[in-house]
Amino acid sequence: MDIFIDSFMSALKMIGGGDRELWGIVLLSLSCTFWACLAASLVGLPSAFLLAHHEFPGKRLVILAFNTLQSVPTVVVGLFLYVFISRRGVFGPLDLLYSPLAISIGQFLLILPLMIMFILAALSRLDERYHQTALTLGASRRQAAMLVIREARFAVIAALCAAFGRGVAEVGVSMMLGGNIKGYTRTMTTAMALEYDKGEFTLAVALGVVLLLVSFALNGALGFLQGKIER
């Protein structure tokens with residue numbers, strides 16, 4: 001217990017003192033996950049809308065696949081992508097392995113199914129007449145789609161928060177594709193795992209506190225936006 005208390009107090013001092021190593025790791029983690037979420041939203045929104053409002057052969061199979069991929073272990077995603085971007089892989093010449101970009105790509109693949117299924121569930125609950133009425137009144141397909149997405153905007157924001165939360169807290173993808181290189185690809189979760197293995201808990205506890213604060217901020221922002229939208 002004394003070890004935990006000492007580590008926790010030292011961690012708070014590290015956070016408040018603006019430790020460069022700590023905040024460098026935090027900023028890298030948030031940056032990688034931000035770009036992954038941005039890419040996932042650009043792909044996920046139109047994909048979810050297509051699944052919600054269009055019929056095509058194999059649609060049920062596609063939905064089943066995305067449902068299954070929501071729970072895929074992060075190490076499976078990391079291994080799958082590693083095969084493609086390693087030196088012997090198809091994309092080996094791009095030299096993506098052990099880079100922040102590789103982490104973002106891995107997180108993108110990890111959170112995309114989650115985002116699609118969250119948004120699809122929200123769009124499916126909306127009355128189909130929103131979309132049909134907009135088209136009848138002369139709206140373009142793009143305008144009608146934007147109207148539907150606007151009606152489901154809270155669910156879309158919730159999907160973004162859930163996706164960000166899963167991305168920033170994962171370990172397998174960051175470790176396998178980033179390599180946990182100090183000052184370059186070391187994220188919050190991989191640094192915590194390393195510090196724990198070394199038996200040095202101060203940095204690990206500090207990063208854990210920051211992760212909790214990020215989660216708290218996400219949920220707080222979601223609750224605030226929900227209140228704004230419902231007024």
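Some observations on this one:
- Residues that are in a loop (DSSP other than H, G, I, E, B) and loosely packed, with under 15 Cβ neighbours inside 10 Å, drawn from the stretch 68-85: S71, V72, P73
- Residue in the stretch 165-175 that is assigned to a loop (DSSP other than H, G, I, E, B) and either modelled with pLDDT of 85 or more or in contact with a strand residue (DSSP E or B) (Cβ under 8 Å, 6 or more places away or on another chain) (or both) present: yes
- Residue count, the stretch 48-62 (criterion: under 17 Å from A152 (Cβ atoms) and in a helix (DSSP H, G or I)): 6
- Residue tally, condition closer than 16 Å to R125 by Cα and either exposed (fewer than 14 other Cβ atoms within 10 Å of the Cβ) or of a type in the set (A, V, I, L, M) (or both), over the stretch 47-62: 5
- Looking across the stretch 188-219, just one residue is outside any helix (DSSP H, G or I) and of a type outside the set (D, E), and that is G199.
- Residues being more than 20 Å from Y82 (Cα to Cα) and of a type in the set (A, V, I, L, M, F, W, C) - total across the stretch 161-190: 5
- Here the condition is being under 24 Å from the mean Cα position of the chain (by Cα), modelled with pLDDT under 90 and farther than 18 Å from T185 by Cβ; of S10, S86, S71, it holds for S71 alone.
- Number of residues in the stretch 10-41 that are more than 28 Å from A102 (Cα to Cα) and touching a residue at least 12 places away in the same chain (Cβ under 8 Å): the value is 4.
- Any chance L45 is modelled with pLDDT under 90, out of contact with any Cys (no Cβ under 7 Å at 6 or more places or on another chain) and assigned to a helix (DSSP H, G or I): yes
The values are calculated or read from the model by the stated rules, or taken from the named source; none is laboratory data. Being a predicted model, the structure only gives us computed values, none of them experimental. Please note: Cβ atoms are built from the backbone with ideal geometry, for glycine as well, and neighbour counts cover all protein chains shown.
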